[in-house]
Amino acid sequence: MSALLRQIPADIPQDIRKIRIENSHLTELPRGSFENVSALEYLWLNFNNITVMHIKSLEYLPALKELRLQGNKLSSVPWTAFQDTPTLKILDLKHNRLDVLPEHALRYLPNLTYLDLSSNQLTIISRDVFYNWPVYQRSQRTEGPLEAISNAVLALHDNPWICDCRLRGFVQFIKSVGPPIILMNSYLTCSGPKFRAGKFFHEVELNSCTKPVTSALDTNLTVPAGLNITLTCFVQASPSPAVWWTYALKLLRAFNVSTEPISEDTVRSELLIPAARPADAGNYTCTAANFLGNTSVAISLRVVAPWASTTPRGWAPMAPAEPGAHVEVRIAKQTVYGITLEWFAAAAAEPGETWYTLLVGRYDAAQKDTIYIGPGVNTYSVTDLLPATKYEVCVAVRNQAPRKGQCVVFVTGSDVSQMEQREKLIHIVVIVCAMVLAVPAGMYACTAEALPGCLARCPSVCPRRRRGGPAQAAGSKESTLDSLPAGSEDGLCRPDGDRGPRRPPGREEPDKARPPHRNSADLY
């Protein structure tokens, strides 16, 4: 008891008849766990952590009479393992996690007198599980005295039974069972479906299982744009089917679908389409399925203008104008690529239920785009317009044609933004500043290179240069940046061996071409 055992001890004496290991750390019963104790009659392994039981874990235990596995974590049991324990009389499996009993589960327990399957996770059981039990089969034989058959106690309570058509045979078995099979608790209760939760088995009448049958009140719907639309389909099936909606071969999101039972074998499924648009038109398919099969029904949806069967185009009147319904329209905001409109229906009978039609297009366009505005909205923004383009917008009430004063003509702005203009101005300023700064720097570089040679080699020429007349001064004004170094070499600083006559700076040889005059901008 409460030992830190993680496996069955291997040195158990061979003559041991009873083993009890509880509140320990056993997690499995491997093959041949008790092969050395063939005389074992009582095996108690309650309240451990056993999750796995090998199909040959009870091998070499022909004398075993009692097996208790209460309070473990078994989700399944290898029922064929009991072929090695033909004399087993007590099998306790309560407070485990069993959720399935196969039809042959009790076939190898012919001498069982106590079977406890209570407090597990059993939801559906076939009555064939008990019809194949040798104890029940012996009780149904007419020949021989019944008093020779031992009673068998059966505990099945505290399981989450789902009382639908799949449990019909088992419920009938429970209602008809009698000695030698005795129920420890005959008041078995239903946990589902919801409308049967809490009811006793003897209070319910279950029908046979049926394949789903789907239907819809209307399979062709035409609805106005902007309204909330609910598509409904009804499914008759047993057990309750799984229902889903598809549109264009795509599964629709579950939060737009609601499914609820309206009777024992009928469920209603609804698909909500908020603010239906023309793009929502098409075929919607409601599909239902259970273990017997599946079926579906398609609903065709058509979305049109809220007051007409077809969508109006251009400026054509949709219907004769209703007297007294005038709309005042103004531009609340305008940008380069769009505007925001505001309007007010001056004489609308029911402002909360009034629909509006917005017609937008270029001023000279024959066809305009049509936009439908639902009740309670009196503003709309038109975007993605072309810049520097003339447009016209009209607002009409319901089925009226646009009247005089209900249209606004406007021209969108230029697509050159202030930021772009500022960037261009900055580029121009930078170029001009570079040109202005480059001229003094170039002149300084040229003169700084020429003056040292002049002072070193031609000290007598420089004074004569300064005493030149007005003609020389005028010639110096006409000189350019290109002529500065040439003038320095030819006139101011000639080599000492060159004693030829010096040309006045204002004169040129007739047969020599004069270089073209260039300004500072040509340097760039």
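The values are calculated or read from the model by the stated rules, or taken from the named source; none is laboratory data. The shown structure was predicted, so the numbers you read here are calculated from the model rather than taken from an experiment. All Cβ positions, glycine included, derive from the backbone under ideal geometry; neighbour counts span all protein chains shown. These area figures cover heavy atoms from the full protein model, side chains too; ligands, DNA and RNA do not enter into them. Shrake-Rupley method; radii C 1.70, N 1.55, O 1.52, S 1.80 Å.
Between E328 and T222, what length in nm is gained on full extension when 0.36 nm per residue of separation is reduced by their alpha carbon distance?
The span from E328 to T222 would gain 35.0 nm if fully extended.
Between E103 and S208, what FRET efficiency comes out of the Förster formula 1/(1 + (r/R0)^6) with R0 = 25 Å and r the beta carbon distance, rounded to 0.05?
Working: r = 19 Å, r/R0 = 0.76.
That pair, S208 with E103, gives E of 0.85.
With a ≥ b ≥ c taken as the square roots of the eigenvalues of the C-alpha gyration tensor of region 212-304, please select rounded if a/c is under 1.5 and otherwise prolate if a/b is larger than b/c or oblate if it is not?
Cα axes put region 212-304 in the prolate bin.
At a probe size of 1.4 Å, how large is the accessible area of D369, to the nearest 10 Å²?
Taking all protein chains as shown, D369 has close to 110 Å².
For a Förster distance of 25 Å, can you work out the FRET efficiency between the beta-carbons of A3 and R31, rounded to the nearest 0.05?
Using R0 = 25 Å, I get an efficiency of 0.65.
Between S258 and L437, how many nm apart are label points set 7 Å from Cα along the C-beta direction?
7.4 nm
Compute the accessible area per residue over region 212-304, keeping the other protein chains in place, probe 1.4 Å, unit Å².
53 Å²
Which whole-number percent of Cα pairs in region 207-257 have a distance greater than 18 Å?
More than 18 Å apart: 49 percent of the Cα pairs in region 207-257.
Heavy atoms only, 1.4 Å probe, whole protein assembly: order L40, L221 by accessible area, highest first.
Values: L40 0, L221 45 Å².
If we order L40, L221 from most to least accessible, we get L221, L40.
Rounded to the nearest 0.05, what FRET efficiency is calculated for N294 and T389 with R0 set to 51 Å and r the Cβ-Cβ distance?
0.35
What does the highest-first list of 358-364, 114-120 look like by mean Cβ count within 10 Å?
114-120, 358-364
Suppose the chain between T232 and S191 were pulled fully straight at 0.36 nm per residue; how much longer would it get relative to their current alpha carbon spacing?
Gain in length upon complete extension: 11.9 nm.
Expressed as a whole percentage, what fraction of the accessible surface of region 160-243 belongs to carbon and sulfur atoms when a 1.4 Å probe is rolled over the protein heavy atoms?
Numbers: 2140 of 4210 Å².
The value for region 160-243 is 51 percent carbon and sulfur by accessible area.
Once ligands and nucleic acids are excluded and a 1.4 Å probe is used, how much of V393 is accessible, expressed in Å² to the nearest 10?
0 Å²
Over all Cα pairs of region 144-265, how is the pair count split among 10 Å bins, expressed in % and running from 0 up to the last occupied bin?
For region 144-265, the binned pair fractions read 10, 29, 23, 17, 11, 6, 3, 1 percent.
Just grab the label-to-label distance for V377 and I55, each label 7 Å out from Cα along the Cβ direction, in nm (one decimal).
6.7 nm
Hey, got the dipole for region 350-390? About the Cα centre, +1 on K and R Cβ, -1 on D and E Cβ, debye to the nearest 20?
Once rounded to the nearest 20, the dipole reads 220 debye.
What is the spin-label model distance, in nm, from V408 to T335 if the labels are put 7 Å beyond Cα along the C-beta direction?
Rounded to a tenth, the inter-label distance reads 1.5 nm.
What per residue convex hull volume, in Å³, do the alpha-carbon atoms of region 74-128 yield?
77 Å³
Ordered by packing density, taken as the mean number of other Cβ atoms within 10 Å over each peptide's residues, highest first, how do 2-10, 165-173, 194-202 rank? Don't skip to the answer; put the middle values down first.
Numbers: 2-10: 11.2, 165-173: 18.9, 194-202: 13.2.
My ranking of the peptides, most packed first, is 165-173, 194-202, 2-10.
In square angstrom, rounded to the nearest 10, how much accessible surface does M435 have for a 1.4 Å probe?
60 Å²
Per residue, how much accessible surface does region 33-98 expose to a 1.4 Å probe? Answer in Å², no decimals.
That works out to 38 Å² for each residue.
In a shell of Cβ-Cβ distance under 15 Å around P134, excluding P134 itself, what net charge do Lys and Arg (+1) and Asp and Glu (-1) give?
Result for the neighbourhood of P134: +2.
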